[in-house]
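These notes are about the structure you will find just below.
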Amino acid sequence: MSAETLTEPLLQATDVHKSYGRTAALDGAALTVRAGEVVAVMGPSGSGKSTLLHCLAGIVRADSGQVRYRGRDLTTMSDRERSALRRTDFGFVFQFGQLVPELTCLENVAIPLRLAGTRRRDAEARAGAWLERLEVGDVAGQRPGEVSGGQGQRVAVARALVAGPRVVFADEPTGALDSLNGERVMRLLTEAAHDTGAAVVLVTHEARVAAYSDREIVVRDGKSRDTERVS
Ligand SMILES: Nc1ncnc2c1ncn2[C@@H]1O[C@H](COP(=O)(O)OP(=O)(O)OP(=O)(O)O)[C@@H](O)[C@H]1O
Ligand SMILES: [Mg+2]
């Protein structure tokens, strides 16, 4: 890791506001993520955790404030620029439902590589290696509806990491799993992220899931307390 990556934040949200009608989902949230670190975002239901993650990932545009990623402000980018950035630099794992049901698990994992222009053969070879690494090589040919919840989440983690993202966003990735499977998904996700140097922004309610992070921030009423606030 270079001196620059140690000092410069990779992703930094400052004074972010986002309202849905009269609901202020975010009311001055801040968060800093450095290269390779795992940050857990905690807080009660409805406090704005998912909205914060969506603003950081450029899925939702903040009403005001800044979201800087490697020197660029996501809040002023066009939708097209933000979706290009999501494809090249970010990976995503959600609670459920993110795998394409008509495709096999192998084809699902290969999607980010296929979108980046990798030939099918190469994409599927790399996808297969990721499935092995996540200990689900045996479900490669099955469709998501034919695998267990824990296996499906490990397939989703493989897909989030296959194209070498700098940041993986995970919103309650273990929320639908029992504790044993949840622990396994978290162990595999954090190990793979550390090995590849990807940062992880992890939304969770559960302290035992947050225990896999390097740092925790708490969101309450749309405001976050971040120990790493720089400015
Ligand atoms: N698309 C939307 N339209 C309208 N209101 C929304 C929308 N998304 C979020 N909200 C509202 O914004 C607030 C924050 O929601 P958010 O989903 O960010 O909370 P959360 O902390 O992720 O909650 P949970 O732990 O239940 O997932 C809530 O009051 C919610 O009802
Ligand atoms: Mg949420």
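The values are calculated or read from the model by the stated rules, or taken from the named source; none is laboratory data. All values reported here derive from a predicted model rather than from experimental measurement. In this analysis, Cβ positions are derived from the backbone assuming ideal geometry, glycine residues included, and neighbour counts consider all displayed protein chains.
For the range 88-102, the criterion of being at pLDDT 95 or above, surrounded by 14 or more Cβ atoms within 10 Å (Cβ to Cβ), in contact with a helix residue (DSSP H, G or I) (Cβ under 6 Å, 6 or more places away or on another chain) and in a helix (DSSP H, G or I) is satisfied by no residue at all. Residues in the range 103-119 that are surrounded by fewer than 17 Cβ atoms within 10 Å (Cβ to Cβ) and either touching a Pro at 6+ places or on another chain (Cβ under 6 Å) or in contact (Cβ under 8 Å) with a residue 24 or more places away in the chain (or both): L103, L115, A116. Test A35 against the stated conditions and say whether it is touching a Lys or Arg at 6+ places or on another chain (Cβ under 8 Å), part of a loop (DSSP other than H, G, I, E, B) and within 21 Å of G197 (Cα to Cα). Yes: the conditions hold for A35.
When Q151, Q142 are checked against the criterion of being away from ligand 2 (no atom under 16 Å from the Cβ), free of Cβ contacts under 8 Å to residues at least 60 places away in the same chain and in a loop (DSSP other than H, G, I, E, B), a single residue qualifies: Q142.
Every condition in (1) in contact (Cβ under 8 Å) with a residue 24 or more places away in the chain; (2) away from ligand 1 (no atom under 16 Å from the Cβ) is met by T174 except one, and the failing one is (2). Scanning the range 21-31 for residues that are under 19 Å from A57 (Cβ atoms) and without any contact (Cβ under 8 Å) to a residue 12 or more places away in the chain yields no hits at all. Taking the conditions (1) outside any helix (DSSP H, G or I); (2) charged (D, E, K, R); (3) within 19 Å of A40 (Cα to Cα) in turn, E135 satisfies each one other than (3). Take the residues in the range 185-219 that are surrounded by 15 or more Cβ atoms within 10 Å (Cβ to Cβ) and of a type in the set (D, E, K, R), then tell me which one is modelled with the lowest pLDDT. Among residues in the range 185-219 that are surrounded by 15 or more Cβ atoms within 10 Å (Cβ to Cβ) and of a type in the set (D, E, K, R), the one modelled with the lowest pLDDT is E206. When we screen Y20, Y69 for residues that are within 20 Å of A199 (Cα to Cα) and of a type outside the set (D, E, K, R), the only hit is Y69.
Restricting attention to the range 190-224, the residues that are away from ligand 1 (no atom under 16 Å from the Cβ), hydrophobic (A, V, I, L, M, F, W, C), under 16 Å from V93 (Cα atoms) and not in a strand (DSSP E or B) total 3. Could you please find all residues in the range 138-150 being modelled with pLDDT of 95 or more and either buried (at least 24 other Cβ atoms within 10 Å of the Cβ) or closer than 17 Å to V100 by Cβ (or both)? Passing the criteria: V139, A140, G141, Q142, R143, P144, G145, E146, V147.
If you go through the range 24-66 and pick out every residue that is on the phi < 0 side of the Ramachandran plot, more than 9 Å from ligand 2 (Cβ to nearest atom) and more than 15 Å from the chain's Cα centre (by Cα), you end up with 12.
Does the range 46-86 hold any residues that are in contact (Cβ under 8 Å) with a residue 60 or more places away in the chain and either among the hydrophobic types (A, V, I, L, M, F, W, C) or surrounded by fewer than 17 Cβ atoms within 10 Å (Cβ to Cβ) (or both), and which are they? Correct list: L52, L53, L56, A57, R70. E135 fulfils the conditions (1) of a type in the set (D, E); (2) surrounded by 17 or more Cβ atoms within 10 Å (Cβ to Cβ); (3) closer than 23 Å to A211 by Cβ except for a single criterion, (2).
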